[in-house]
Amino acid sequence: MSRLQNKHIIVAISGGIAAYKSAELVRLLITAGAQVEVVMTRGATEFITPLTLQALSGNPVHQHLLDSSAEAGMGHIQLARWADSILIAPCTAHVIARLAQGQADDLLGTLCLATQAPVLLAPAMNQAMWADSATQANAQLLSERGYTLLGPAIGEQACGDVGPGRMLEPAQLVEHLQQSFSSHALQGREVVITAGPTREAIDPVRYLSNHSSGKMGYALAQAAVEAGARVHLISGPTNLAVPADLKCTQVDSAQEMLTACQAACQHADLFIASAAVADYRPAQAADQKMKKSAPDSNLRLHLVQNPDILATIAHDFPDITCIGFAAETEKLLAHAQAKLHRKKVSMIIANDVSDTDIGFNSDHNQVHLVTANGVTALPRLTKAQLARQLIDNIAQLDQ
Ligand code: CTP
């Protein structure tokens, strides 16, 4: 799975001849697993049709700031919040100048002001326009404000000139975008992460389990890889694709998960327990499929408690920084604080699973970080955005 898997990318196209290459850019991003929304300036539509970009991205193209139907769907502020990254390609001298001035008289300008996501620019223009001192000063200002400039490349231009001003090739832009998702917050650290539910066998065909999708744990694993960590994901059964560049051990039961964690933690620096481990298992799994006995008779299962994996790892490996989750339906912070002390861990990430909007199978989550120093509330975010935020917070604990 690529680093762009499930990333929310806005490709913003402005009016330059290189706009024809943006179609290929969108295609490559989709192939890499990204979710793409396309924004086009009026000038861009002179060079390439919105229909082409709609067909390639699978989404209607956003063109206008004051479009009531668009605002009723994904309006400009929602779009700004949705984005993990905004790539303006091609980015004309005019757009560079407007961004430098902070103009907000069209969708693209508004998005760039409203977003918290990184904005990457792929300049494309005639070499003399790029070399002009006004463009250079504007580009310099934008890079000081945190915008990332990709290119331009040197070479032959559509107008016949040769020099710096060509847009980077779509594949190069995709490569840069991938790299932009790497931070070095956990560079060289070894991280073990549990994810998903466990299954506790009743007999060869039946089990006890829960609704955990594993999405949060998988997003954390991907974010940890992007932060430079060596990651060992220990996963219960899920339907998710395993992120690239990590080791994954698939397990079924809580006992298997504990055994795998104990082996994986020998050299670990961090242990993050996001799995929804079944608290109980049948005392004895039947060897053969259990048959119904007499009509109307009831079945009693004798359940015994499973090991607490997080508490066991925190106890057995005191040098590892351990982080747990607390999925609660009431008294969120009180229960989270109790778990912090009972399990002797450095942080509990508390979430309210009674809220179906942010619960087990949702793509969103909203959490509180509970440590010995107090409680921090994070905003409602997609699980991928939250994972990156959590990895940054966890990396600070580990320093
Ligand atoms: N956990 C674990 N092993 C268990 C149970 C929980 O490692 N047998 C971990 C979870 O991965 C999570 C944290 O402990 O990081 C808290 O899980 P949660 O289900 O909220 O709490 P429990 O300890 O099971 O307590 P309770 O069910 O009473 O709320």
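Sort out for me the Cα centre separation of region 159-187 from region 232-256, rounded to whole Å. With region 159-187 and region 232-256 each reduced to a Cα centre, they are spaced 33 Å. Each of Val36, Gln366, Asn239 was placed along the dipole of the chain (beta-carbon charges, centred on the mean Cα), and the one lying farthest toward the positive end is Asn239. For the listed peptides 121-131, 344-354, a ranking on the average number of other beta carbons within 10 Å per residue, highest first, reads 121-131, 344-354. Going Cα to Cα from Lys21, which lysines come in below 28 Å? Please leave out same-chain ones fewer than 8 positions away. Answer for Lys21, where 28 Å is the Cα cut-off: Lys7, listed by chain and number. Cα centroids of region 196-227 and region 275-326: 14 Å apart. Surface composition of the chain: carbon plus sulfur atoms contribute 50% of the solvent-accessible area (1.4 Å probe, protein chains only, all chains present). When you work out D = kT/(6 pi eta Rh) for region 132-233 at 25 °C and 0.890 mPa s, using the Kirkwood radius from C-alpha pairs as Rh and the Stokes-Einstein form, the result is 135 µm²/s.
Taking region 277-315 and a reference point 7 angstrom along Cα→Cβ of Arg206, the backbone N atoms nearer than 16 Å belong to 281-304.
Contact order normalised by length for region 8-180, with contacts defined as Cα pairs under 8 Å and 6 or more residues apart; what percent is it? Can you show the working numbers first?
Values: 336 pairs, mean separation 39.7, N = 173.
Relative contact order comes out at 23 percent.
Nearest 5 percent is fine: what portion of the DSSP beta bridges confined to the chain is antiparallel? Around 30 percent of the beta bridges assigned by DSSP in the chain are antiparallel ones.
May I ask you to derive the FRET efficiency for Ala377 and Lys344 from their Cβ-Cβ distance with R0 = 41 Å, giving the value to the nearest 0.05?
Numbers: r = 24 Å, r/R0 = 0.58.
Computed FRET efficiency for Ala377 and Lys344: 0.95.
Size of the chain: Rg and Dmax of its alpha carbons, in Å, are 25.1, 90. Would you mind checking the tilt of helix 215-226 against the longest principal axis of the Cα atoms of the chain, expressed as 0 to 90 degrees and rounded to 10? Value to nearest ten degrees: 60. Histogrammed with a bin width of 10 Å, the alpha carbon distances of region 204-265 distribute as 20, 51, 24, 4, 0 percent, first bin at zero.
With a simple spin-label model that places each label point 7 Å from the Cα along the Cα-to-Cβ direction, the separation between Leu149 and Ala334 comes to 5.8 nm.
Pairs over the 23 Å Cα-Cα cut-off, from the set Lys247/Lys339; Lys247/Lys344; Lys215/Lys247; Lys343/Lys383: Lys247/Lys339; Lys247/Lys344; Lys343/Lys383.
Residues whose amide H comes within less than 5 Å of that of Ser253, counting only those at least five positions distant or on another chain, are Arg199 (H built at 1.01 Å from N in the peptide plane). Put simply, the C-alpha atoms of region 1-62 give a gyration tensor, and the ellipsoid matching it has half-axes of 20, 10, 9 Å, longest first.
I need to check one value: relative contact order of the chain, counting alpha carbon pairs closer than 8 Å and at least 6 residues apart, in percent.
Numbers: 846 pairs, mean separation 45.8, N = 399.
Contact order relative to length: 11 percent.
Peptide packing: for 53-63, 287-297, the average count of neighbouring Cβ atoms within 10 Å per residue gives the ranking 53-63, 287-297, highest mean first. Working from Cα positions, state the angle (0 to 90°, nearest 10) between the long axis of helix 133-144 and the longest principal axis of the chain. Helix 133-144 sits roughly 10 degrees off the main axis of the chain.
Amide H contacts of Arg189: Arg230, each under 5 Å away and 5 or more positions distant or on a separate chain (H built 1.01 Å from N in the peptide plane; Pro and chain starts excluded).
For the chain, what is the calculated [θ] at 222 nm in deg cm²/dmol (nearest 500), taking -39500 (n - 2.57) for each run of four or more DSSP H residues and dividing by its residue count? Can you show the working numbers first?
On the way: 15 runs with 140 residues, N = 399.
Rounded to the nearest 500, it is -10000 deg cm²/dmol.
Can you give the FRET efficiency to the nearest 0.05 for Ala285 and Arg42, using r as the Cβ-Cβ distance and R₀ = 51 Å?
Working: r = 66 Å, r/R0 = 1.29.
The computed FRET efficiency comes out at 0.20.
Volume per residue of the convex hull around the Cα atoms, evaluated for region 8-180, comes out as 99 Å³. Projecting the Cα atoms of Gln288, Ile9, Asn393 onto the dipole axis of the chain, where Lys and Arg carry +1 and Asp and Glu carry -1 at the beta carbon, places Gln288 farthest toward the positive end. The residues of the chain have, on average, 48 Å² of accessible surface per residue, using a 1.4 Å probe with all protein chains present.
The values are calculated or read from the model by the stated rules, or taken from the named source; none is laboratory data. Keep in mind it's a predicted model, so treat the numbers as computed, not measured. Positions of Cβ are generated from backbone atoms using ideal geometry, with glycine treated the same way; all protein chains shown enter the neighbour counts. Accessible surface areas use protein heavy atoms only, side chains included; no ligands, DNA or RNA. Shrake-Rupley method; radii C 1.70, N 1.55, O 1.52, S 1.80 Å.
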